[in-house]
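Structure, as structure tokens:
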Amino acid sequence: MKYERETCNLLRRLGVNNSYVGFRYTVYGVIRAIANPELLIYISKGLYVEISAEYRTSIGCVERNIRTIISTIWLHGDRTLLNQVFGFELEQKPRNGAFIDALSHYVVEHYYD
């Protein structure tokens, strides 16, 4: 998976590590969103289904654990880097789909082979 290391490093720089269950879900979600951006159109019926199948868990658990990652970054992480990832200053905590979309665009733009 081409972008896995870059995505892991970015999440760590944002302020979360792989002790969170949602860390792996987020990394996998970013990689799948890069490969197939249409998965983000109907995130609950697209991306969450793929993540839950890969990790043998429920869609609800996937959604909640990614939301926990976002909340942790929002409350305790590097807000400056988060704004840089989004390309503008966030006024409120991003939703899951917007977060994964922003991460995937940022990783593709900043990934060097």
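Can you find a residue in the stretch 64-84 that is touching a Leu at 6+ places or on another chain (Cβ under 9 Å), of a type in the set (Phe, Trp, Tyr) and either on the phi > 0 side of the Ramachandran plot or free of Cβ contacts under 8 Å to residues at least 24 places away in the same chain (or both)?
yes
Among the listed residues 72, 26, which satisfies the condition of being surrounded by 14 or more Cβ atoms within 10 Å (Cβ to Cβ) and within 11 Å of the chain's Cα centre (by Cα)?
Exactly one residue qualifies, and that residue is 26.
When the stretch 102-113 is examined, which residues are found to be open to solvent by 100 Å² or more (accessible area, probe 1.4 Å) and not in a loop (DSSP other than H, G, I, E, B)? Steps first, answer last, please.
Of the residues in the stretch 102-113, the ones open to solvent by 100 Å² or more (accessible area, probe 1.4 Å) are 105, 109, 112-113.
If the condition is that a residue be open to solvent by 100 Å² or more (accessible area, probe 1.4 Å) and not in a loop (DSSP other than H, G, I, E, B), then 105, 109 are the ones that fit.
Pairs under 7 Å by beta carbon, first residue in contact (Cβ under 8 Å) with a residue 12 or more places away in the chain and crowded, with 19+ Cβ neighbours inside 10 Å in the stretch 88-101, partner of a type in the set (A, V, I, L, M, F, W, C) and assigned to a loop (DSSP other than H, G, I, E, B), six or more apart or different chains?
Close Cβ pairs satisfying both conditions: 96/43; 97/43.
Would you check which residues across the stretch 43-74 are acidic (Asp, Glu) and closer than 24 Å to residue 92 by Cβ and list them?
Within the stretch 43-74, just 63 meets the criteria.
Where the second residue is outside any helix (DSSP H, G or I) and not charged (D, E, K, R) and the first is touching a residue at least 24 places away in the same chain (Cβ under 8 Å) and open to solvent by 70 Å² or more (accessible area, probe 1.4 Å) and lies in the stretch 1-22, which pairs have Cβ atoms under 9 Å and are six or more apart or on separate chains?
2/111; 13/77; 21/57
Return yes when residue 51 is over 18 Å from residue 13 (Cα atoms), in contact with a helix residue (DSSP H, G or I) (Cβ under 9 Å, 6 or more places away or on another chain) and open to solvent by 20 Å² or more (accessible area, probe 1.4 Å) and no when it is not.
no
Answer yes if at least one residue in the stretch 105-113 is touching a helix residue (DSSP H, G or I) at 6+ places or on another chain (Cβ under 8 Å), more than 14 Å from residue 8 (Cα to Cα) and not aliphatic (A, V, I, L, M), and no otherwise.
no
The values are calculated or read from the model by the stated rules, or taken from the named source; none is laboratory data. Just so it is clear, the model here is predicted, and its values are computed rather than measured. Glycine gets a Cβ as well: all are built from the backbone with ideal geometry, and neighbour counts include every protein chain shown. The protein model used for the area step is the full one, side chains on, heavy atoms only, and it has no ligands, DNA or RNA in it. Shrake-Rupley method; radii C 1.70, N 1.55, O 1.52, S 1.80 Å.
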